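Accompanying notes for the structure given below.
Please treat every number below as a calculation from the coordinates, not as lab data. Model, not experiment: these values are computed from the prediction. Cβ coordinates were reconstructed from backbone atoms using ideal geometry, including for glycine residues, and neighbour counts include every protein chain displayed.
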Amino acid sequence: MKKVLALAAAVSCCLGALSAQAGELSVGVTPVPHGEVMEFVKPIVAKQGVDLNIVEFNDYVQPNLATDDGDLDTNYFQHRPYLATFIKDHGVNLVEVCAVHIEPMGVYSKKIKDLKQIPDGAVVGIPNDPTNGGRALLLLNSQGLIKLADPNNITATVMDISENPHDLDIRELEAAQLPRALDDLDLAVINTNFAMQADLIPNRDALAIEGADSPYVNILVANPESAKNPDLQILIKALQSDDTRKFIEEKYKGAVLPAF
């Protein structure tokens, strides 16, 4: 009889734990802009019965590990190339569930107003680190300024340029130095964070910026089990709503753009 009562108590306890978790989602974020976007949608999903528990991280490793372990239901802090590399390096089982925003890299100039005006032999600055250098080349390729042997190669280098119709002189500089070097360059491809520090706003000043089809879109990520959670669909709908689009556009003024 004692064994039966103990088993009944254990079952009751387990059911109580599951019931307490119903309608709850834990999401790992980095503070800006990811945490701010989640704070915006929190009351939206609450109206639909989902309690969003937002957990902030200051690194790019723990949120993925916690999501893989099931300690988090989902996370929102990374772009697609980072997730692909992380899965390869750490052997985790994670999946993208939706695209949310992009922090666009842009092409800037103080000498021309339109990329159609680019002179032959123009000097173009790009970041000298592999990740951002490849990203810059993809953007130049998308604008028809160069042609890459593989236009989908996110690790492309200047050695992968197959056609250079304007005979561009592409110079690799420290990413943080590019805004300051803009006076001496015809064009520069600059990360948003460094552009903002130089009072350059992508949707105001850039001659071209990455679009929502960029592989560097920031995404919501889950493990295969939590991806099936119906509450996650409520969160996805809120993240990709017109209200969230308006919030992103108005708050970040082009430094962050919706990708949906």
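Antiparallel versus total DSSP beta bridges in the chain: what percent is that, nearest 5?
55
What does the convex hull of the Cα atoms of the chain come to per residue, in Å³, rounded to a whole number?
131
Taking the Cα centre of the range 106-209 as origin, work out the dipole magnitude from +1 charges on Lys and Arg Cβ and -1 charges on Asp and Glu Cβ, in debye rounded to 20.
Once rounded to the nearest 20, the dipole reads 320 debye.
Helix 36-46 sits at what angle to the longest principal axis of the chain, using alpha carbons and giving 0 to 90 degrees rounded to 10?
In the chain, helix 36-46 runs at an angle near 40 degrees to the longest axis.
Given charges of +1 on the Cβ of Lys and Arg and -1 on the Cβ of Asp and Glu, with all other atoms neutral, how large is the dipole of the chain about its Cα centre, in debye to the nearest 20?
Taking the Cα centre of the chain as origin, the dipole is about 720 debye.
Positive end of the dipole of the range 106-209, charges at C-beta (+1 Lys, Arg; -1 Asp, Glu), about the Cα centre: which of 130, 200, 176 has its Cα farthest in that direction?
200
How far is it, in nm, from the label point at residue 88 to the one at residue 251 when both lie 7 Å from their Cα along the line to the Cβ?
The modelled label-to-label distance comes out at 3.3 nm.
Quick one: if the Förster radius is 25 Å, what FRET efficiency do residue 260 and residue 169 give, using the C-beta to C-beta distance and rounding to 0.05?
Given R0 = 25 Å and the Cβ-Cβ separation, E is 0.10.
Describe numerically, in nm with one decimal, the distance between label points set 7 Å from Cα along Cα→Cβ at residue 213 and at residue 233.
2.9
So if each residue of separation counts as 0.36 nm, and I subtract the Cα-Cα distance between residue 111 and residue 147, what length gain in nm does that give?
Between residue 111 and residue 147, full extension yields 10.6 nm more.
How do 107, 189, 61 rank when sorted from fewest to most other Cβ atoms within 10 Å of their own Cβ?
Neighbour counts put them in this order, fewest first: 61, 107, 189.
Please find the FRET efficiency linking residue 39 to residue 162, where r is the Cβ-Cβ separation and R0 is fixed at 41 Å, and quote it to the nearest 0.05.
The formula returns an efficiency of 0.35 here.
Radius of gyration and Dmax for the range 106-209's Cα atoms, expressed in Å?
Calculated on Cα positions, Rg and Dmax stand at 12.3, 34 Å.
Tell me, which longest segment in the chain has none of the trypsin sites (Lys or Arg not before Pro) that fall in DSSP loops with at most 11 further Cβ atoms within 10 Å?
It runs 114-260.
For a label point 7 angstrom out from the Cα of residue 198 toward its Cβ, which stretches of the range 205-234 have the backbone nitrogen within less than 14 Å?
In the range 205-234, the label zone of residue 198 (backbone N under 14 Å from the point 7 Å along Cα→Cβ) covers 205-208.
List residues of the range 112-140, by number, whose backbone nitrogen lies under 14 Å from a label position 7 Å along Cα→C-beta of residue 155.
130-135
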